[in-house]
Structure formats: structure tokens, C-alpha cells
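S.K.: If you scroll down you'll find the structure; I have some questions about it.
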Amino acid sequence: MATVAGTLAHHENSGVWSWLTTVDHKRIGALYGITAFSFFMWGGVQALLVRTQLAVPHGAVVDAKLYNELFTMHALTMIFLAVMPLGASFQNFLIPLMIGARDVAFPRLNALSYWVFFGGAVLLTASFFFEAPGGGWFNYAPLSEKEFSPGLGIDFYVVGLMVLGISSLMAALNFAVTIINMRAPGMTMMRLPVFIWMSLIISFLLILALPPLTVALIQLLFDRQFGTHFFIAGEGGDPILWQHLFWVFGHPEVYILILPAMGIVSEVIPVFSRKPLFGYPAIVFAGMAIAFLGWAVWSHHMFTTGMGAVPRTIFATNTMIIAIPTGVKVFNWLGTMYGGNIRFNTAMSFAVAFIALFTIGGISGVMHASPPVDGQHQDTYFVVAHLHYVLVGGAVTGIFSGIYYWFPKMTGRFLDEKLGMVHFWLWFIGVNLTFFPMHYLGLLGMPRRIYTYDAGLNWGFWNMAETIGAFTIAAGVLIFVINFFRSMGQEKTAEANPWGAATLEWATSSPPPEHDFDVVPVVRSRDPLWYDRDHNIAPAEPTGEHIHLPPPSYYPILMATGVVLMAMGPLSHLALTAVGVLIVVYGIWGWALEPTE
Amino acid sequence: MERIRRVRLNTSARRLLPLLLLSILVALTVACDAPMSTAVIAGSDNRLIWGPYTLIMWMAMITFVLTMLLTAYLSIAYRERPGRVAQQIHGNTRLEVLWTLIPVAIVVVMAVPTITTIQQQATVPPDAMKVIAIGHQWWFEFQYPDNGGVITANELHIPEGKTVAFDVRSTDVIHAFWVPQLAGKIDMMPGHVNKIHFSADKARPEPYLGQCAELCGYSHANMRFRVFVDTQADFDKWVANAKADAKAPVSPLAKQGAEIFSRSACIGCHTVAGTAAQAKLGPSLTHLGARTTIAAGTLENNEANLQKWIHNSADIKPGSKMPPMGTSAGGTLSDDEIKAVAAYLLELK
């Protein structure tokens, strides 16, 4: 123990500087979480403005241009600045703890991922001071070309997503290496917690999905900055190229958003049902199957582009097949609840709501897998309903389940259960009131991305209901924020394993020490803590071995500054890019020579 | 005890809420008559679509209800009870194979009618009438190569029961051509010619509503069009009129308007067949007076609206490519001149 304390004494543990230079995966997880949740609320404000505009026919809260910017930025904010980094927040905090490691494989790279994300997020959001992108989150060419969007908006989109892509790519490589190489003794692949499996799958999805997006972004950047014609019909280019490149990224991206939530509920449901996960191998392989099939379905976003009967048939069939592994997962979660002794606290309520809401999104997804049906669904509110059931009812509901579940581990404190249940019911009712009527509006022919509509179309009533629903959701989130700050003001009372969970992160104190585990745990089962409990195996005593922890470093934040400056070049003057390159090169130099003790 | 009661209330509410919503929605779908409802079948393509759609909708609803009931049942039946011990089950191969096969069966049942419908949608009858539909920011152009080369905008006329085969194109960004009650949508892609065909069931006086469905810029929401389904006789009459050159103005005001029109910026973009105005950037105005709407189907075609439009079209349609014409908006025409031009255009029946 003396050595442990000795090692820790090297590091400054408080103050702003310690946060700017931290390489501790738990602190980086916290930074990710707080940043992403702030952007989640900002994306929510944008959504409320959109919903207020649409509440009545001929709404006049915002004009057409601002409306396009709001729904575009709402999507970009929620996808790239909220849901993805919230997933990364859990991954940062949990991957080392759940596999019995002391940190990720590359701690400084981890810090770099966060700071690049932070810079990219601020850069993209700053577009509101100039002109925000207004071409929708999939930003179809040629509307995104200079001729039709001469302002800075699309340039912000291009460089913002490039910077965020760099961050995601580094994080994904880091997590994949960590999971494969840094597992505790006995933690075989088929003993990995499902959340870790999903994280590994997401990492590979990101590593493979970001390159096609980057290619598309670079081509668009060149079209806009240097006069190339990649997406301009009649000058040798083709707008359909953008769609293929974007959706080869965009569809796996959907799984990148939803798989963390699937991982979270796969941890929460067994713990509160007080029994092991039903059909662990099936859930793992179903996750892999979803990710694998996710590469062969991108053109189902393009059924109306005139792609002919054969590709329509192939992509429809591939898409429908994804329903099979998805169905397997849902049934396995329900199978886990069967025969249990279910404790319905807030975390479990969110997890069960996830099953229900995600299933609704899954069912509507299978509906427009049929190209003829999609001819009526495409670009209507039916699709908006579908994607929000998957991403809000699915991903975000799962994330809330995870927040309530791991909050004691992350902070040593509990979130209040009463406020938690108020949050839950406002959320559950709000989500359904907002998004269920969208199916119906889609059926009534309401196209998405319209800032105004006529009274005679019978769309008014349900639009008003949805707007009320959106404010109900906002009220729920507000309750959560109050709950968060109340809890943070209280004493740390959480013991190591307050829920009686089975996975390794609950073997260490709440919150865990900087070095995570005094002794690296030995894993004897898929549910290690339950196995040790049932076989009366006591945790090993500390041996006094030297624990090496990497020292803090300011090179990550320095390099991130360089990356953001590089990205600002196309927005202002290319000289900024040159300055950014110099900073990055200097950062790499210093990084490489930085002492590790 | 109180805790348990609360849990029971919560879970039954969770079960009831989606069911309640669903039944309201189903009832309204049947009852409601919305002009753009995809569930109203008035054309051949939409009829083809509702073959697999009906089946898939029923399967989706049944799956939805059963899954929700199962979730609610498990939540209630296995909720925390004093003395209850969770059964330590790790899995059940037979059960898992079964619930892998259930989705397989559902997928097969959905895929077969889907694939046959895709084939049917791709088969064009040989005697179809050809129409070229072109998307512009933010209006629709329609050309009739089989009917003497008629060119019109935003109001499509087709004869009842006759299959119309559309060549769908765009001159600028991607738009989509969509008349929900008649057919599914097809994108208007720059550099591509997309195809869609359908017939409308019956002639009726009120038009079917169409709208652009692909984000195309500021006025995406204001890019609409109307489809008039005529009897063959009415359609022939409409073609005969639409083919002809513009009528000469009659009233003194309209005559003055024609004169102003011919010396203003108007002729830089618009065509009025039989006059000096032959430009093709904006919609053809040869028979504007015969159209029921202006501004891509968003406004009734009357004097007041036309004047407003000519004065500054961007007030009505944000981003409009037509420059403001009224002097107070930065153009060259006085209010009186605009009145005259509007009178002229309304006489172009």
C-alpha cells in the first residue's frame, strides 16, 4: 500500500491544470460526459425551437433559413456532440475497470481524443456566430456545393466533422487495443461483459466507417475550396457519389450510436433481475451480426434515387435480415427478466423502457426496409419517428439507464430515486407523445425538413401534441439536472458494490482510486463477483508491487489546439492551417520525447 | 406494500399507454381524410405499394402489441417480491433457436411480396403517355413531348386511367417528385433521368397535392405542385389550349401590362409563347391565367397574390430566384405598373 500511495503523490489531483493535463481514463470519461451532456441540452434547445415553429400551421418563430440551420445543427449536435461522446464517456470510464486494467492502452492518446473532440465541438457550434450548416445532417450534394450554399455553413460542417472524425478514430483504436491486450488474468473474450463486447464492435465499426466519410468530406472540401467537381453533374462529377460514401459511413454510424445502449442494458437488466444474462453468446454474436450486416445495407437510405430493381431487391433483403439478430437481442433481454426478482429502480425502469422503445424503432425500421413501402415513408415524418425511437427511445434511454446505474461508481454518490422516477415518467411519456404521432403524420404525407405547412392538411393537431411532448421531455431532463446537482452536493456514501452487481468495476471502491485496482483481479467466470461470492473467494491482499501510472501531459491539449487551427484554415485563411501544422508537429515531437515517469 | 403497489401501477400504465395511443391513431387513420394522406389510394403505383404495405403494417402492429404485452407481463410477473428467488438460468438453446426462427419467418413473409412488387413497379406498359418532370429551385416544370410539346409549371394535367411514364430530372439540386395518393416518391437527380409511371384512377375536379420531399434549400417547404386528373375529353381540351400561343390582352390595363412586361426584366427569365418573351429560366407564363395557383402551388392565383408576388417574391417564398420587381423592394416597377402586369398575366388563360 505504501508504494501505491507513493506513486499517487507524484500527481497533482485538483485544480484546472490537473484537468487540462489529465491522462486518467476516469477523469477523461467525466470530461466527455459533462461536455457531451451540455451539448445534449443545447441540441435539445434547438429541438424545442424546431418543435415550437411546427406547433401550428404557418408558424413564424423562425424563418426558413434559420429553420434549416436549426434542424441540421440539432442532428449534428445530438449525433456527434452528444450521443457518440456520451457513449465514449461510458467507454472511457468503464473499459479499463470492467476488464480489470489500470488505464487504457494509450492514456495520452485518450486525452488527445477528448481535446480534439472538444475543439471540434466548439468549432462546429461556433458556426452559429457566422452561418450554421443548413443542408441536413447528411448534407446532400449538390445543395452543399458552393453554387447553392455559398456561405460558410457547409465549410463548418466539413471541417467540424473532419476534426470530430479524427477524435473518434483515435478513441476507437485506443479502445480496441485496450480491450484486446489489457484484460485481467482469466478475462477471456467470452467472459467479457456485453458492454465491453459492444464497445469492441463499435471500435471496429468506427475504424472502418470513418474513412469513407473522410473521403467524401475531403472531396467536398476540394469542390468548395479548389474548384474540383466530384459531386457536380455535367462537369464529370455525380451527386449520387456523395450519397454512397456518406451512407457507407452513415448506416454503421447508426449502430455506433445504438450499440453502447445495448451494452448498457445488457449490464443493467441482469443485475436488477438478479440473474445472469440470458443467452450471453447469442447476444454477443447477434451484436457482431448486426455490425457485419450493417455494411451491406447503406443503399436502403437511397431507395428513391432511381437505383433499379436489382439493387432495390438486394438492399431490401439485407436490411430485413438485420431484424433477425435484433430480434434475438430483444428476446434475450426479455429472457433475462423471465424468472427474475426484478428491482424496479430508475436504472432498471430506463432499461426496460429501452427494450420497449427500441423495439418500436426496430419494427418501423423493418417496415421501410421494403422499397415500395419506403416510397411512401422516405423523407416523411414516419422516418423521423423511426430514427427518434431508435436514437432517443433507444440510445438516450439506454444512456440514462447507465447514468443511474454507474453514478455511484463514478461519483461515490447516489442519484435520488424519487426524482429519478419523476424524470423517468416525464421522459417515457414525453418520448412517446413526441415521436409516436410522427408515424401518423408521415402516413398523412408530412415531409420532413419543412419549416411551414398549410392548415388544410390535417397535420396541425398532432404537431401540437408533439410539441407538448417535446417540452415534457425537456422537463424530465431538467429534473435530471436538478437531481445531478443535488446528489453532487451530498456525502459520498456508496460502497464498492451497492447493487450487488457481477462485473469487475464493482470490485474496487466507489469512486475508484486513480490506479483503479489495488490488486489486479483474477477472473474465474463470466460473472466474476457473483462467482467469487458463491465460492467464498476473498479478494487478494495488496502485495506492495509498484504501480506505474503515466504522468499528466499538456501535449494532448496542445496538439488538439493545432488540429483545430488546421481546420479553421478553410474557414478563414489557409495560413492558419500552416500554423496548426507547426503546432501539431511540435506536439508530436514533444510527445515522443516526454519522459514517462 | 406501498412500494409494490406503486410498481404495479407503473407497469400497467407502461402497458396501457402505447396501446391507448395505438388505438387512437388507428381510429384516426381510418376516419381522417387528409389531402396528402398516403393511405388514400387513388393511383396505380400507390395501389401496388399498399399490397406489401398492408401486410407489413399488420405484421408490425401484431409484433408491436405482442412484444409490449410480453415486456409488461414480465415486468409485473417477476417484479421484486419478498421471498422471491431469481432463477439462475444462463440460457435455453431450444428457445433461442425458436426465437431466431420467428424473425426469419417474418422476414420471409415480408420479402416475397416486396420483391414481386419491386418487379411490378419496374414494368412500364408500352402505351404509356410520356411526361418530363423537371425540378427547379423551387418549382416544378412539366413537358408533354407526346402532346405537341406543351410546357407548363406546377400544375400537372393527366387523363384518368391512362398510364403516364415520367422522365424525372433536375436542373440544380436534388428534389423529389411525390404525389402521395397516386404514387411513391422518386428523386429528381441532377445529371440523371429517373423513371416512374402510374395512372390515376378517376377524374375529379379537385387536384391531388404533390410536394418536393428532398431538402432543396430555403423554400423546400414551399415547393409544391398539383395534379389535375381529367377525363380524356377534358384533357384533350386542356392540351389544345395549352399548345396554343398566348392570347392577346383585351382590357386596356392588361394591354398596358403586356407592354410593361415586354420591356422589363420579366422577359429575361419567362416565356409567353407568341411574344418576344422566350426565356426558360423561370416557369412558362403562356397560360398562367388558366392555373389555379401561383408560387409553386402555395398561393391562390388571384390579382392580390400576383401583385404581392411580383412586388417581392422572396416575401412569399424565401430565397426565391426571381428578383424583387416593386420599387420599394429594390426593383423598377411602380405599384400601378405591377397592377397592370398582374392584369395581363391573369388574362393569359
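S.K.: Per residue of B:121-128, what is the mean number of Cβ atoms on other protein chains within 10 angstrom of that residue's Cβ?
M.R.: 1
S.K.: What FRET efficiency would be calculated for the residue pair A:Lys418, A:Phe129, taking the C-beta separation as r and a Förster radius of 30 Å, to the nearest 0.05?
M.R.: 0.15
S.K.: Contact order normalised by length for segment B:229-315, with contacts defined as Cα pairs under 8 Å and 6 or more residues apart; what percent is it?
M.R.: Over segment B:229-315, the number comes to 16 percent.
S.K.: What distance in nm separates the simple spin-label points at A:Phe485 and B:Thr54, each placed 7 Å from Cα in the Cβ direction?
M.R.: In this crude spin-label approximation the distance works out to 5.7 nm.
S.K.: Kindly work out what percent of the DSSP beta bridges joining two residues of chain B are antiparallel, to the nearest 5.
M.R.: In chain B, approximately 65 percent of DSSP beta bridges are antiparallel ones.
S.K.: Further, regarding this structure: Tell me the label-point distance for the pair B:Lys195, B:Gln119, using the 7 Å Cα-to-Cβ offset, in nm and rounded to one decimal.
M.R.: Roughly 1.7 nm, to one decimal.
S.K.: Where does chain B land at 222 nm, in deg cm²/dmol rounded to the nearest 500, when only DSSP H runs of n ≥ 4 count, each adding -39500 (n - 2.57), divided by all residues?
M.R.: Using -39500 (n - 2.57) per qualifying helix, the result is -14000 deg cm²/dmol.
S.K.: Something else: Tabulate in residue order the Karplus-calculated ³J(HN,Hα) for segment B:226-239, using 6.51 cos²θ - 1.76 cosθ + 1.60 with θ = phi - 60°, rounded to whole Hz; enter x for Gly and Pro.
M.R.: Values per residue, Gly and Pro as x: 10, 10, 9, 9, 9, 5, 4, 4, 4, 4, 4, 4, 4, 4 Hz.
S.K.: Stick to Cα atoms and the Kirkwood definition of Rh, then tell me Rg/Rh for segment B:158-225.
M.R.: With Rh from the inverse mean 1/r over Cα pairs, Rg/Rh is 0.99.
S.K.: Also, I was wondering about something else. In a Debye calculation with equal point scatterers on the alpha-carbon sites of segment B:209-318 and no solvent, what is log10 I(q)/I(0) at q = 0.12, 0.17, 0.23 Å⁻¹?
M.R.: Relative scattering, expressed as log10 I(q)/I(0), comes to -0.50, -1.00, -1.48.
S.K.: At 0.36 nm per residue, and after removing the present C-alpha to C-alpha distance, how many nm does the segment from B:His90 to B:Asp245 gain when stretched out fully?
M.R.: 47.7 nm
S.K.: Partner chain Cβ atoms within 10 Å, averaged over the residues of A:238-247 - can you pull that number for me?
M.R.: The shielding value for this peptide is 2.
S.K.: Let me ask another. For segment A:256-357, list log₁₀ I(q)/I(0) at each q in 0.13, 0.21 Å⁻¹, using the Debye formula over Cα point scatterers of equal strength and ignoring solvent, two decimals each.
M.R.: Rounded to two decimals, the profile gives -0.54, -1.00.
S.K.: Here's a follow-up. Which of the peptides B:283-292, A:364-373, A:190-199, A:207-216 is most tightly packed, and how do the rest follow, going by the mean number of other Cβ atoms within 10 Å of each residue?
M.R.: A:364-373, A:190-199, B:283-292, A:207-216
S.K.: Let me ask you something else. If I take R0 = 45 Å and measure r between the Cβ atoms of A:Ser509 and A:His58 in this structure, what FRET efficiency does the formula 1/(1 + (r/R0)^6) give, to the nearest 0.05?
M.R.: The pair A:Ser509/A:His58 has a calculated efficiency of 0.15.
S.K.: Here is a further query. Expressed as cubic angstrom per residue, what is the convex hull volume of the alpha carbon set of segment A:391-512?
M.R.: Value for segment A:391-512: 122 Å³ per residue.
S.K.: Which of B:Thr116, A:Val310, B:Val239 sits farthest toward the positive end of the charge dipole of the protein assembly as shown, with +1 on the Cβ of Lys and Arg and -1 on the Cβ of Asp and Glu?
M.R.: B:Thr116
S.K.: Averaged across B:311-322, how many Cβ atoms of other chains sit within 10 Å of each residue's Cβ atom?
M.R.: Average neighbour count from other chains, rounded to a whole number: 1.
S.K.: Show the residues, 5+ positions off or on another chain, whose built amide H is closer than 5 Å to the amide H of B:Asp167.
M.R.: B:Val131, B:Ile132, B:Ala133
S.K.: Something else about it: Throw me the Rg/Rh for chain B, computed over C-alpha atoms with Kirkwood Rh, two decimals.
M.R.: On the Cα set of chain B, Rg over Rh gives 1.16.
S.K.: Taking 0.36 nm per residue of separation and subtracting the Cα-Cα distance, what length does fully extending A:Trp17 through A:Thr493 add?
M.R.: Working it through step by step, the gained length comes to 168.6 nm.
S.K.: Then there is this: Through the Karplus equation 6.51 cos²θ - 1.76 cosθ + 1.60, θ set to phi - 60°, convert the phi angles of segment B:95-110 into ³J(HN,Hα) values in whole Hz; use x for Gly and Pro.
M.R.: Coupling constants for segment B:95-110: 5, 5, 5, 4, 7, 7, 6, 4, x, 4, 4, 4, 5, 4, 4, 6 Hz.
S.K.: Which whole number in µm²/s is D for the protein assembly as shown by Stokes-Einstein, with the Kirkwood Rh taken over Cα pairs at 20 °C and 1.002 mPa s?
M.R.: In µm²/s, the coefficient is 72.
S.K.: Can I ask one more? Between B:Cys269 and A:Glu541, what FRET efficiency follows from the Cβ-Cβ distance if R0 is 60 Å, with the result rounded to 0.05?
M.R.: With R0 = 60 Å, the Cβ-Cβ based efficiency is 0.10.
S.K.: Sorted by mean Cβ packing within 10 Å, highest first, what order do the peptides A:507-516, A:440-449, A:117-126, A:539-548 take?
M.R.: A:440-449, A:117-126, A:507-516, A:539-548
S.K.: I've got another one for you. For chain B, set up a Gaussian network in which alpha carbons nearer than 10 Å are linked by springs, and say which option among B:Ala153, B:Ala213, B:Ala122 fluctuates the most.
M.R.: Most flexible of the set in this elastic network: B:Ala122.
S.K.: Where the Cα atoms of segment B:288-349 are projected onto their three principal axes, how long is each span, largest first, in whole Å?
M.R.: Projected onto the principal axes, the Cα atoms of segment B:288-349 cover 29, 24, 15 Å.
S.K.: How big is segment A:339-448 on each of its three principal axes, counting only the C-alpha atoms and giving the largest first in Å?
M.R.: Extents along the principal axes: 52, 28, 24 Å.
S.K.: Next up: Is there a pair in A:Lys26/A:Lys329; A:Lys329/A:Lys418; A:Lys65/B:Lys317; B:Lys162/B:Lys280; B:Lys185/B:Lys349; A:Lys146/B:Lys185 whose C-alpha atoms are over 20 Å apart, and which pairs would that be?
M.R.: Beyond 20 Å between Cα atoms: A:Lys26/A:Lys329; A:Lys329/A:Lys418; B:Lys162/B:Lys280; B:Lys185/B:Lys349; A:Lys146/B:Lys185.
S.K.: Here is a follow-up. Between segment B:146-213 and segment A:548-571, what's the alpha-carbon centroid distance in Å?
M.R.: Rounded to whole Å, the Cα centres lie 53 Å apart.
S.K.: If one computes the Cα centroid of segment A:72-106 and of segment B:40-110, what distance in Å separates the two points?
M.R.: Each part's Cα centre sits 31 Å from the other's.
S.K.: Where does each of A:28-39, B:82-93 land if you order them by average Cβ count within 10 Å, highest first?
M.R.: Order by mean packing, descending: A:28-39, B:82-93.
S.K.: Mind giving me the nanometre distance, one decimal, between the label points for B:Asp33 and A:Leu208, set 7 Å out from Cα along Cα→Cβ?
M.R.: 5.3
S.K.: Further question: May I ask for the distance between the Cα centers of segment A:422-499 and segment A:279-330, given as a whole number of Å?
M.R.: 29
S.K.: Using a simple charge model, +1 on the beta-carbon of Lys and Arg, -1 on the beta-carbon of Asp and Glu, nothing else, what dipole does chain B show about its Cα centre, in debye to the nearest 20?
M.R.: Here chain B has a charge dipole of around 1660 debye.
No value in this document is a laboratory result; all are computed from the given coordinates. This is a predicted model, so every value here is computed, not measured. Ideal geometry is used to build each Cβ from the backbone, glycine not excepted, and the neighbour counts take in all protein chains shown.
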